[in-house]
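Below: one structure, written as structure tokens.
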2 protein chains.
Amino acid sequence: MTYHALDNNTVLDYVRSQPELKALFSDLSNLSAREVGDGNLNMVFIVSNPRAPTESLVIKQALPYLRVLGESYPLTRERMRFEAQALLLYNELTPGLAPQVYVYDEKMSLVAMEHLKNHEVMRKSLVARKQLPLFADHISTFLAHILFKTSDLYRTGHEKKALQASYINPSLCKIQEDFVFTNPYMESPENNWNTEINAEVQAVRRNVPLKLAILELKEKYMTQGQALIHSDLHTGSIMVNEQDTRVIDPEFSFFGPMGYDIGALLSNLVLNFGAHFAHTRDAAARAAYQNYLIETIRDIWLLFAAKFEQLWLENSTGELVPNAYWHFPEGETAFAVYRQHYIRQLLQDTAGLGACESLRRMMGVVSVWDISSIGDNQLRAIAERFVIRVSTRWIVERSSFSSADDLVGIIREEAERAERSVNGDP
Amino acid sequence: MTYHALDNNTVLDYVRSQPELKALFSDLSNLSAREVGDGNLNMVFIVSNPRAPTESLVIKQALPYLRVLGESYPLTRERMRFEAQALLLYNELTPGLAPQVYVYDEKMSLVAMEHLKNHEVMRKSLVARKQLPLFADHISTFLAHILFKTSDLYRTGHEKKALQASYINPSLCKIQEDFVFTNPYMESPENNWNTEINAEVQAVRRNVPLKLAILELKEKYMTQGQALIHSDLHTGSIMVNEQDTRVIDPEFSFFGPMGYDIGALLSNLVLNFGAHFAHTRDAAARAAYQNYLIETIRDIWLLFAAKFEQLWLENSTGELVPNAYWHFPEGETAFAVYRQHYIRQLLQDTAGLGACESLRRMMGVVSVWDISSIGDNQLRAIAERFVIRVSTRWIVERSSFSSADDLVGIIREEAERAERSVNGDP
């Protein structure tokens, strides 16, 4: 089959042509499809059997251009290979934390996968102030296992470099290089922002220490092939309910710095924290949910760090450090110090790389629904100023960070300032 | 032609079978060949026409195992592809600073190239205290152009990542990962060292801050795909005479940290500096040549840094920093500060990564001729202790370095100590 973009009709023909997909339905005569993609790069169809509510699947197909920017931004359809490879690896390394893959069709640039019908996009849950009691445990397991087990701490050099070679992903990398690490901080025609924060946006674009730090982080993103990262792990790439967590949309995957994934997640929780200054007018409800977000940020980091170190202790098999390197008096202590150094560097990368993701949402081409759904521009500005301040400090002050308290302390300090604005104080 | 290892006879048949090579000789009936390889990985033949002294060429062929360790260390012959690609790129980017390539035969894993018959291996010149007045200028041009023009400072993201993908070189990387960054600093059966420095070797293997710093540098070597590096640029990989400089043997090439190449070169000058405490018994001659080496180290760094920055100013075309990023008041100043930061980081990488190369030569599997040619083990120990001290300090103190004076200052301090040993003081 040669490539053709599917629509709500032809996607049904496609399903009926594939044995693995046909087998999922008790009746093929009455399938229906709807396109639900709200992303920027792809078509997403839900194909279901209205007579049997449990029978459904998702088909995600790459378009040959970046959807949000139209046909003027061509992108290779090869990106669906990165998504399929990564989803299959997730299912192998962290079963149950990503959708199951039924078919990967390279020629059609599509993946047919499990329909997560009892889940919603995490960003939506967070705006609705839902608490997700198992989320920090689930996502820290995902992050620790995927990042550790694709790194030089776990793999031989040959294994890791072969895996890295299969994720050379320049087109999707360029999207993040441009729209996370560059264009938002300078004049670029696609940027847009709330005019209420025009002064703050202009100040960011003139802030020399910040801009130099962002460039250092961009170089890290572009050159440090540390582990297989999802590279777009914001709260729109995670499907949740109270019991379950699934990571989706890994088409940006490549070998990059681990901290970018952890950081994108945490900084999107900061974005949501800020949004509640506008969405949640009741001070007690706001404080309660913001405290929940702070605890979640802290828990994700602490659980991630503990699981990552435990995996390291139990699977010290990688090229980077052979066990015999520590065979000397005080060697065990030195190994412990090394692990602490390594994990502290991950914390600093998490803060800096993640904050580039939240900062750009305030002034680049793509906002997030947490913020863009705020109707009142003055209230929105309070949220945005909070995010700009926290993000800037996470970037500029990151080299001094040594624990989750450093991340959280800045959120608390800037939240006090935002509370005063909510209450009308200057 | 299927792969077969050539010998002094079959290499002549090979030359006669290749139109590009036949054309280099006025008479094919009387060619002679000799194998001259003193490396660890390959056969190297010089094919010449005894009746016409100007007619000769070199054929370098990869063996399917690591020669120095025998057939027990298999290596893919693909490494000759990396060497051929790199030599061709060198000829494109820095013409005249590498041998000309006549034929690259992928199936035979060989490269036929220019015979540098008026050159000698730089290590030999340095042991003989020859001064090379143009060397610092030549090699700084090579380093600045190759490193800058394969980096994200010069290339688009697509270009750089495609180039990087063609240099995924796990087998040769593993040799350096093992024998530069790991095994010498722990118990490993292939290590050997002068028993006179047994105490110093054991101290290195118990030195926690040093071992942790070496691991940081190893991770940088393994993960930072900054530019195409030669990755074995010691003074045995450079052919010289008073007028000319050629870089050879880039089979280890891959995308790694720039500082590893600059550092391998400078640290091999430190090795040679140390060797003269034994080779050059006349104090005035020793001081004169050691001063020449110090000036060469300083000149290489200063010329490299100046040329690298000039290339950057004239060719700021890469993915990392678009010119528009600096379009704000004080932007030009910020760009200058960024260049200074970037180059200072290169200096620190140069010191640390380079010093791993010299330190391992004192206690790993492969020594260097500068040192191994010293017959008296007590004199050899003076040289080795000097190299261990300088290397250790370059590694552990590198984060404080901001100029070539920091590199040179440590050499001078440790040279004073070594002079006292030469003179019999404790």
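Can you give the FRET efficiency to the nearest 0.05 for A:T195 and A:V366, using r as the Cβ-Cβ distance and R₀ = 22 Å?
My answer for the efficiency is 0.75.
Could you check the spin-label model distance between B:Q243 and A:H341? Points 7 Å from the Cα along Cα→Cβ, value in nm.
Here the modelled spin labels are 4.9 nm apart.
Are there any helices in chain B, counted as whole DSSP H runs, that stretch 20 Å or more along their axis by Cα and score at least 0.5 on average by Kyte-Doolittle, and if so which?
In chain B, the long hydrophobic H runs are B:135-149, B:259-279.
For B:D282, place a label point 7 Å out from Cα along the Cα→Cβ vector, do the same in each other copy, and report the separations in nm, one decimal, smallest first.
9.4
If you take every residue apart from A:V15 with its C-beta less than 15 Å away from the C-beta of A:V15, what net charge results, scoring Lys and Arg +1 and Asp and Glu -1?
Residues close to A:V15 contribute a combined charge of -4.
What is the average number of partner chain Cβ atoms found within 10 Å of a Cβ in A:177-189?
Mean inter-chain Cβ contacts per residue within 10 Å come to 3.
Given 0.36 nm per residue, what is the gain on full extension from B:E332 to B:Q378 after removing their alpha carbon distance, in nm?
11.0 nm
With Cβ to Cβ distances under 12 Å as the rule, what net charge do the other residues near A:A98 carry (K, R +1; D, E -1)?
Details: positive: A:R246; negative: A:E83, A:E92, A:E114, A:D244, A:D249.
Net of charged neighbours comes to -4.
Does region B:1-53 come out rounded, prolate or oblate by the C-alpha gyration tensor, with a ≥ b ≥ c the root eigenvalues, rounded set by a/c under 1.5 and, if not, prolate when a/b is larger than b/c and oblate if not?
oblate
Quick one: grab the alpha carbon gyration tensor of region A:208-289, order the square roots of its eigenvalues as a ≥ b ≥ c, and give me rounded if a/c is under 1.5, else prolate or oblate depending on whether a/b is larger than b/c.
Oblate.
Put a dot 7 Å past each Cα toward the Cβ at A:R16 and B:A283; how far apart are the dots in nm?
Result: 9.9 nm between the two label points.
Taking the Cβ of A:S26 as the center, what net charge do the other residues with Cβ under 11 Å away carry, scoring Lys and Arg +1 and Asp and Glu -1?
Once all neighbours under 11 Å are counted, the net charge is 0.
As a test of reading the structure, rank B:T2, A:T150, A:T10 by solvent-accessible area (1.4 Å probe, protein chains only), most first.
Working: B:T2 110, A:T150 0, A:T10 45 Å².
Correct descending sequence by accessible area is B:T2, A:T10, A:T150.
If you project the alpha carbons of region A:229-387 onto their three principal axes, what span does each projection cover, largest first, in Å?
Projected onto the principal axes, the Cα atoms of region A:229-387 cover 63, 35, 31 Å.
For B:K130, go through the lysines and keep the ones whose alpha-carbon is under 25 Å away, minus same-chain ones fewer than eight residues off.
Within the straight-line cut-off, B:K130 pairs with B:K117.
Going by a ≥ b ≥ c, the root eigenvalues of the Cα gyration tensor, does chain A fall in the rounded group (a/c under 1.5), the prolate group (a/b larger than b/c) or the oblate group? Numbers along the way, then the final one.
Working: a/c = 1.59, a/b = 1.15, b/c = 1.39.
In terms of gyration-tensor shape, oblate.
So what does A:I175 come to for accessible area, using a 1.4 Å probe and Å² rounded to 10?
10 Å²
Quick one: with label points 7 Å out along Cα→Cβ, list the inter-copy distances for B:T76 in nm, shortest first?
Between copies, matching label points for B:T76 lie 1.9 nm apart.
For region B:276-383, what's the relative contact order in percent, using C-alpha pairs closer than 8 Å and at least 6 residues apart?
40 percent
Can you put B:M1, A:M222 in order of accessible area, largest first, using a 1.4 Å probe?
From most exposed to least exposed: B:M1, A:M222.
With every protein chain present, what accessible area does B:I411 have (1.4 Å probe, heavy atoms only), rounded to the nearest 10 Å²?
Number for this one is 0 Å².
Name the chymotrypsin sites (Phe, Trp or Tyr not before Pro) in region A:146-193 that are in a loop by DSSP and that have at most 14 other C-beta atoms within 10 Å, would you?
none
What distance in nm lies between label points placed 7 Å from Cα along the C-beta direction at A:Q131 and A:D425?
Between A:Q131 and A:D425, the label points sit 2.8 nm apart.
In what order, largest first, do B:D249, A:D178 sit by accessible area if the probe radius is 1.4 Å?
In descending accessible area the options line up as B:D249, A:D178.
Cross-link partners among lysines for B:K174, C-alpha distance below 27 Å, same-chain residues fewer than 8 apart left out?
Cross-link targets: A:K149, A:K160, A:K161, A:K220, B:K60, B:K107, B:K149, B:K160, B:K161, B:K211, B:K218, B:K220.
7 Å along Cα→Cβ for the label point: how many nanometres lie between A:H327 and each equivalent label in the other copies, listed shortest first?
6.1
Using Cα pairs under 8 angstrom and six or more residues apart, how large is the relative contact order of region A:202-276, in percent?
33 percent
Below 8 Å between Cα atoms, with a sequence gap of 6+, how large is the relative contact order for region A:120-422 in percent?
Dividing the mean separation by the residue count of region A:120-422 yields 29 percent.
Using a 1.4 Å probe and ignoring any ligands, DNA or RNA, find the accessible area of A:S188 and quote it in Å² to the nearest 10.
Number for this one is 20 Å².
List the trypsin sites (Lys or Arg not before Pro) within region A:243-346 that DSSP assigns to loop and that have no more than 11 neighbouring Cβ atoms inside 10 Å.
Passing both the DSSP loop test and the Cβ count: A:R281.
The values are calculated or read from the model by the stated rules, or taken from the named source; none is laboratory data. Keep in mind that this is a model prediction, so the values were computed, not measured. Reconstructed Cβ throughout: ideal geometry from the backbone, glycine too, with neighbour counts over all protein chains shown. Only protein heavy atoms, including side chains, enter the accessible area calculation; ligands, DNA and RNA are left aside. Shrake-Rupley method; radii C 1.70, N 1.55, O 1.52, S 1.80 Å.
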